[in-house]
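Asker: To start, I am sharing the structure in question, which I have written as structure tokens.
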Amino acid sequence: MVVLGVETSCDETSAAVIRGDTVLSNVISSQEIHSRFGGVVPELASRAHIRLVVPMVREAMKEAQLDFTDLDGLAVTHGPGLVGALLVGVNFIKGLALALDRPFIGVNHIEGHIYGNILSQQTFEFPVLFLIISGGHTQLVLMKDHLQYKIIGTTRDDAVGEAFDKGAKLLGLGYPGGPEIDKRALNGDSTFYPFPQALARDKGYEFSYSGLKTSLLTYLQDKDKSFLQEHLDDICASYQFAAVEILIKKTMRAAREFHINNIAIAGGVAANSRLRKRLEEECRHNNRHLYLPDMQFCTDNAAMIARAGLEYLRNGFYSEQNLNAYPSLALQSVTTF
Ligand SMILES: Nc1ncnc2c1ncn2[C@@H]1O[C@H](COP(=O)(O)OP(=O)(O)OP(=O)(O)O)[C@@H](O)[C@H]1O
Ligand SMILES: [Mg+2]
């Protein structure tokens, strides 16, 4: 089955073509315009998607060396995300599906992140415990099989990616902040300052990241420029330590409690080098199998959307043109995420 995927939920305009688990193309245009504002400006994102969506789809088709008539189905992110940005991709795919007389499916963006990991593996075994860590989400999800999700924990406030981005902004680093902090932390001392790990003693699987951000703000209040210059790497390493360690503790505890041997991570923060290294160590020590996503499928991309869409389409589920009549499994994912 050949599927075209389109992703326009935030500041990446992406199009991809896959045949089964093989990615034939995956083109991504990251909108540079937002970096000067230190965050995504929704109106600018929508306008950029309008400009970019057709050229990106044409490029993806060209790279895949296919005609539109070779497509068996279409997939597009329908949420969560910026409404104006989502509308661009959704309406484009609805029009294309109508013109080609092919089925299309609206895909949940977070489900897409999950399939970005599955797409990275030669073989993938269920049940699996997914740690989803992105710009807008922090969740622990149990998957019994394809398209079956049970959320066991989520964040009470900010997402871990947001904590990285806002923390970087407070430290005068660029956007997105995650990769910047990750890079600096490599040369820093993670024990330099004990930033708080929220809900560490809590028996459940909820997360909280607003306190971490505030603690950095408070910490920086009486520090002068030269101190900051001298210890920027140490502060990044300490901040990252707090952000990442709590994720690892809760994930390993959930794997024990629910007797799950397979652990997987997904979303932009899954690219974090410390998190990947520490999870590898923990899984080795605790005899768990770890599925790490390819770096190219961590942050937003259309291949992950195409792969999630393919799973629905090949099981006979598709969206109606009015987008109200979601099939049951898609509805489940829409309401639970
Ligand atoms: N190496 C890294 N270390 C830590 N964070 C990272 C790294 N690389 C990317 N990130 C973070 O990942 C986030 C972007 O991920 P992603 O594209 O999945 O988020 P999003 O699409 O904006 O949010 P969501 O998927 O929840 O809707 C940003 O917050 C970014 O800082
Ligand atoms: Mg995302």
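Please treat every number below as a calculation from the coordinates, not as lab data. Everything numeric in this text was worked out from a predicted model, so none of it was measured. With ideal geometry, Cβ positions are generated from the backbone for all residues, glycine too; neighbour counts draw on all protein chains shown.
Asker: Compare 265, 151, 110 in a GNM of the chain, Cα atoms joined below 10 Å, and give the one with the largest fluctuation.
Answerer: Its mean-square fluctuation being the largest, the pick is 151.
Asker: Of the cross-linked pairs 144/213; 144/183; 183/249; 183/223; 183/250, which ones have a Cα-Cα span greater than 32 Å in the structure shown?
Answerer: Result: 144/213; 144/183 exceed 32 Å.
Asker: Can I get the semi-axes of region 215-287's equivalent ellipsoid? Compute them from the C-alpha gyration tensor as square roots of 5 times the eigenvalues, in angstrom, largest first.
Answerer: Each semi-axis is √(5λ); the values are 32, 12, 10 Å.
Asker: Relative to the compact-globule scaling 2.2 N^0.38 Å, provide the ratio for the alpha-carbon radius of gyration of region 110-207.
Answerer: Cα-based Rg divided by the globular estimate yields 1.26.
Asker: Quick one: dipole size for the chain, taken about the Cα centre, charges +1 on Lys/Arg Cβ and -1 on Asp/Glu Cβ, in debye to the nearest 20.
Answerer: It works out to roughly 480 debye.
Asker: Ok, one more. Could you identify which residue out of 179, 55, 42 has the top mean-square fluctuation in a GNM of the chain using Cα springs shorter than 10 Å?
Answerer: Comparing 179, 55, 42 in the GNM, the peak value goes to 55.
Asker: Counting only Cα atoms, I'd like the Rg/Rh figure for region 188-337, Kirkwood definition for Rh.
Answerer: Rg/Rh for region 188-337 comes to 1.07.
Asker: Name the GluC sites (Glu not before Pro) in region 109-217 that are in a loop by DSSP and that have at most 11 other C-beta atoms within 10 Å, would you?
Answerer: Listed in order of number, the matching sites are 125.
Asker: Right, here's the next one. For region 55-164, which trypsin sites (Lys or Arg not before Pro) pass both filters: DSSP loop (anything but H, G, I, E, B) and at most 16 other C-beta atoms within 10 Å?
Answerer: 156
Asker: Shifting gears a bit: If the cut-off is 14 Å between C-alpha atoms, which aspartates and glutamates fall inside it for residue 94, apart from same-chain ones fewer than 8 positions away?
Answerer: Filter leaves 7, 320.
Asker: Could I ask something else about it? Where does the Debye-calculated log10 I(q)/I(0) of the chain sit at q = 0.09, 0.11, 0.12, 0.13 Å⁻¹, using only Cα point scatterers of equal weight, no solvent?
Answerer: Result of the Debye calculation: -0.48, -0.71, -0.83, -0.96.
Asker: Straight-line reach from residue 169: which aspartates and glutamates have Cα under 13 Å away, leaving out those fewer than 8 places along the same chain?
Answerer: List returned: 180.
Asker: Taking each pair of distinct Cα atoms in region 1-109 once, what is the resulting Kirkwood hydrodynamic radius in Å?
Answerer: One decimal place: 13.8 Å for the Kirkwood radius.
Asker: Report, ordered by chain and residue number, the aspartates and glutamates lying within cross-link reach of residue 277, taken as a straight Cα distance under 13 Å and ignoring same-chain residues fewer than 8 apart.
Answerer: 182, 245
Asker: What is the pair-distance distribution P(r) of region 150-194, computed from all Cα-Cα distances in 10 Å bins starting at 0, with each bin given as a whole percent?
Answerer: In order of increasing distance, the bins hold 25, 44, 24, 7 percent.
Asker: May I ask you to work out the translational diffusion coefficient for region 52-141 at 10 °C, viscosity 1.306 mPa s, via Stokes-Einstein with Rh from the Kirkwood sum over Cα pairs, reported in whole µm²/s?
Answerer: The diffusion coefficient I find is 105 µm²/s.
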